[in-house]
Amino acid sequence: MSESPPSPDALKQLAPEQLVICHECDLLMAKMHLADGEKAQCPRCGFELYHHQANMLTRSLALVLAALLLFVPANFMPIMSLGLLGQHNNETVWSAVLALYQSEMALVALIVFLSSMLIPLLKLLCQGWVLLTLQLKLPAGFALWLYRIYHQMREWGMLEVYMFGVLVSIVKMVDLGDLSMGVGLVCFIGLLVCQIWLEATMSEHQVWEMLDELRTEQQVDEVMDEACD
């Protein structure tokens, strides 16, 4: 949905949290309240400002749980098995990190470990805790801090880049010997799909808005409790 922007005089009367700016054309406008399934668009350039997903909490929690269940087999079960001259080697994400480290490429091993294992796991844990906070009405302060940390880590989790490297390796080694895909590759693809789907389902604006409302409610309750005491 889109609305005509209010006059400059009307915008001056609004609090900062009631305003939103378009990231494409820098138009300042009043923030629109959306129902589930609606999208807010800039009336000048048509850019999508934010949207509200229906059943966002439950759907996102299900995707986080599925991704966490796939994380261990995706990283520690064989992605591929290569048979050459009577010898068979099973390769996993973790064994690739160890092989890089043992080949005196510690910096590359650290980068692969961080971008393919540690940071994706931390992102999932941050998202899971934020969603549980909203679902169970837990203290919002820690969840707000975690969600800020999550946004700082977003650019460092590069599962899709590692997946592209795996596909290139498969193409290059397919003629060298007996190459077969492992369960780890299926789990890794499932993990990647879950994370992409989660990014599309877990609306950032909706999460920030719900966290802010929860924090305000908890602050009001604290004031009321102090007044009663």
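The values are calculated or read from the model by the stated rules, or taken from the named source; none is laboratory data. In this text the structure is predicted, and so the values were computed from the model without any measurement. Quick reminder, even Gly has a Cβ in these numbers, built from the backbone with ideal geometry, and neighbours come from all protein chains shown.
Laid out as a table, the results:
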{"read-out": "Residue under evaluation E104, criteria (1) under 30 Å from E217 (Cβ atoms); (2) without any contact (Cβ under 8 Å) to a residue 24 or more places away in the chain, criterion not met", "value": "(1)"}
{"read-out": "Which listed residue, of A54, A30, A74, is at pLDDT 70 or above, exposed (fewer than 14 other Cβ atoms within 10 Å of the Cβ) and over 17 Å from the mean Cα position of the chain (by Cα)", "value": "A54"}
{"read-out": "Criterion: on the phi < 0 side of the Ramachandran plot, in a helix (DSSP H, G or I) and without any contact (Cβ under 8 Å) to a residue 60 or more places away in the chain - qualifying residue of A96, A66, A143, A74", "value": "A96"}
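The rows are residues; the columns are (1) modelled with pLDDT of 90 or more; (2) among the hydroxyl-bearing types (S, T, Y); (3) outside the structural domain of D212 (by TED's automatic domain parsing).
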| site | (1), (2), (3) |
| --- | --- |
| N90 | no, no, no |
| S95 | no, yes, no |
| L100 | no, no, no |
| A106 | no, no, no |
| S115 | no, yes, no |
| V130 | yes, no, no |
| F142 | yes, no, no |
| R154 | no, no, no |
| E160 | no, no, no |
